[in-house]
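Comments concern the structure below.
Derivation of every value follows stated rules applied to the coordinates shown; laboratory data play no part. Predicted model, so just to flag it, every value in this text is computed and none were measured. Here the Cβ positions follow ideal geometry from the backbone for every residue, glycine too, while neighbour counts run over all protein chains shown.
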Protein chains: 2
Amino acid sequence: MSKYWSKLTQSLEPYIPGEQPKDKTYIKLNTNENPYPPSPKVLEAIKQAANEQLRLYPSPTCDDLRECIAQYHGLTKEQIFVGNGSDELLALAFWAFFDPGRPVLFPDITYSFYPVYANLCHIDYKLVPLAEDFSIPIDHFSCENGGIIFPNPNAPTGKYIEIAGIESILQKNAEQVVIVDEAYIDFGGESAVQMVHRYPNLLVVQTLSKSRSLAGLRVGFAMGNQNLIEGLDRVKNSINSYTLDRIALAGAVEAFKDEEYFRDTTLKVINTRKETVNSLEKIGFTVIPSQANFIFVSHPFVSAVDLYQQLKGKGVLVRYFNKPRIDNFLRVSIGSDSDMQCFLEALTEIIYKWKV
Amino acid sequence: MSKYWSKLTQSLEPYIPGEQPKDKTYIKLNTNENPYPPSPKVLEAIKQAANEQLRLYPSPTCDDLRECIAQYHGLTKEQIFVGNGSDELLALAFWAFFDPGRPVLFPDITYSFYPVYANLCHIDYKLVPLAEDFSIPIDHFSCENGGIIFPNPNAPTGKYIEIAGIESILQKNAEQVVIVDEAYIDFGGESAVQMVHRYPNLLVVQTLSKSRSLAGLRVGFAMGNQNLIEGLDRVKNSINSYTLDRIALAGAVEAFKDEEYFRDTTLKVINTRKETVNSLEKIGFTVIPSQANFIFVSHPFVSAVDLYQQLKGKGVLVRYFNKPRIDNFLRVSIGSDSDMQCFLEALTEIIYKWKV
């Protein structure tokens, strides 16, 4: 605490990203990164963009990338907003669409950045408890509110809501903005983007960090009615005119062009997820059905915090949240087949030792 | 305007960056970019960083880059904050250090992003009028205030305050944060960073966009007491944990290592500035003494708006601000010798035509 901090800053409880310990090399299954490298075409485009043009500002309107995403999703450039990762974009959306005094609704178990944004923006919020099985209770999103946000699939549970459920939320909240945070949609879900034409209150947010293997490049995007995109633009242009550098713009465009690589790698992750779930269930784990590139798992006898610590000791990082309702679960990112093999071996040893 | 926008968004008046018309190729002297490319070592580092590690998140704490800047400026890593360009960083500073209800002071003629940040953060502000000769009146920064920000050299005038003047402001405002925005300091000024050890209320902000020829990479940094840096961190980590991508981090580190290239290119800009000023004075222009990579100029007979439009017609872009006190001035970035040759030829033609 410092006397120089604003009252706002004093009151903040910042988000804490997954740990990145440097004491040794870990198998990193704690931040939902993709085990496969980005498309070689992306890397080539970045190398090409490392040229003397870097002395010039990037495009503040990012037209080429927006055009490319628009084509990919059957929209127009005016329906696309791009940002420095979906995190930044979600923060902009809190400022753009939510007002103090009218609570925003989100699930009690969800991405832990949402309450952080709300505090920063002085937005009230109301938690909607997930059902016993961690599914999102669609019907509970119809009470008086100033906006709605949830991930689909949800994080850290991996649970997916069908399009019909989202449509029902959109219909019941026609006067407020509903943000569907689809960071993990490409690993088995169906995107709500198909409803952008019909629902002017729908904002769909995606990222290149997960399914496009580009967490290190910081590119996220939002899709919605042109009015919503203009709202995001107004806030962005009150903070930073150029949030995406020339290199990120060049790489991101190429990521959308290499469709085949994207299909191949996401399919591999999906297949590894299936096999991992099977193996975990065989050794007694409960696994929440996931459509994401991570799984949320619990063991009937060995506590999650014990498993987390012992896995870390064996060089495998997973994510543990010390929070009500989920403090006996681990979130495990889906790595390569060989990563998951190591994870399962380490886990089996821990559980075997416990039994002995 | 949209019913879905928050009240905040409805009230914003976003910043408008310099135009980037695409109808033809212009000599761009309107956004203070460096005419020289980045160091070849920076480009090489970026190519090296275009590798499979891009699938992983960047370091949220950016330790390597902060360490490198700290060494360069004789500080510790804990006294350094890095961000996505100095614009983002200045926005974070408004949230971090300024409170509603206590006006922040800045000059009436200055970087036009300051009032935009203030509006976004609901911070009141009070304009301190520049003297007749556009110098910053040091003594007027001692009235009741909630913080102070100004560029040194000032933009768009290019006028520089000596260190003693800044020290006097720091001393008279020991209870508030004083932000010195040094985007242009490397083109002839002396940095206030030498006072960071003595003034816990001093935040010095710099950027790689101008003197390091990296406007396209989006890297800015702040230097100050560890407490101030922690304040910035709290706000940043309430918006986006990773604002700098892996490529920008790699390139920025190399920019600080190639000291010789930096000295050479800044010196070239300084020399071109001197020659340009001489030539302009010969054809009757008033030029405000500048320590920046731009000059602020006015002609006694031909209006600035006319000059701006006619220069644009001849393929030379400069910046015109339609604002009180400065609406008869043009801000002209210092390009290469050949850019300035073209600019001067175009200008001479316009003025000659006017005389005829």
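Summary of values
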| read-out | value |
| --- | --- |
| Within the stretch B:40-258, percent of DSSP bridges classed antiparallel, to nearest 5 | 40 percent |
| Spatially proximal aspartates and glutamates relative to B:LYS353 (Cα-Cα < 15 Å; intrachain offsets below 8 disregarded) | B:ASP306, B:GLU345 |
| Long pairs among B:LYS24/B:LYS314; B:LYS28/B:LYS312; A:LYS22/A:LYS314; A:LYS3/B:LYS126, criterion Cα-Cα beyond 18 Å | A:LYS3/B:LYS126 |
| Summed residue charge, Cβ within 11 Å of B:TYR26's Cβ, Lys/Arg positive, Asp/Glu negative | +2 |
| Residue with peak Gaussian network fluctuation, chain B [Cα springs, cutoff 10 Å], from B:PHE296, B:PHE221, B:PHE141 | B:PHE141 |
| For the stretch B:188-208 and the stretch A:292-325, distance of Cα centres in Å | 45 Å |
| Förster-model FRET efficiency, 45 Å R0, B:GLU132 and A:SER112, C-beta, rounded to 0.05 | 0.25 |
| Paramagnetic label zone (point 7 Å from Cα along Cα-to-C-beta, A:GLU175; backbone N under 17 Å) in the stretch A:124-145 | A:141-145 |
| In nm, spacing of pseudo-spin labels at A:ILE16 and B:VAL305 (7 Å Cα→C-beta vector) | 5.7 nm |
| Rg and Dmax [Cα atoms of the protein assembly as shown; Å; Rg one decimal, Dmax integer] | 26.5, 102 |
| Residues with amide H under 5 Å from that of A:PHE294, placed H, sequence gap 5 or more | A:ILE334 |
| Packing-based exposure ordering (other Cβ within 10 Å, fewest first) of B:CYS342, B:CYS143 | B:CYS143, B:CYS342 |
| Top of B:SER298, B:SER290, B:SER142 by mean-square fluctuation, Gaussian network on chain B, Cα under 10 Å | B:SER142 |
| Gain on full stretching of the segment that runs from B:THR25 to B:ARG102 - 0.36 nm per residue minus C-alpha separation | 23.1 nm |
| Note, ³J(HN,Hα) from phi for the stretch B:130-143, Karplus 6.51, -1.76, 1.60, rounded to Hz, x at Gly and Pro | 5, 5, 3, 7, 6, 7, 7, x, 3, 5, 7, 9, 10, 6 |
| Inter-centroid distance (Cα atoms) of the stretch B:70-137 relative to the stretch A:225-276, Å | 31 Å |
| Spatial extent of the stretch B:209-278: Rg and Dmax, with the Cα atoms as the point set, Å | 16.1, 49 |
| Helix-derived mean residue ellipticity, 222 nm - over chain A, DSSP H n ≥ 4, -39500 (n - 2.57), to 500 | -11500 deg cm²/dmol |
| Linear extension gain, B:GLN48 paired with B:LYS353, 0.36 nm per residue minus alpha-carbon span | 104.5 nm |
| Kirkwood Rh, Cα atoms: Rg over Rh of chain B | 0.97 |
| Label-point separation in nm, B:ASP124 to A:ASP64, each point 7 Å along Cα→Cβ | 4.7 nm |
| Choice from A:ASN32, A:ASN201, A:ASN322 showing the highest fluctuation, given a GNM over chain A with Cα pairs closer than 10 Å | A:ASN322 |
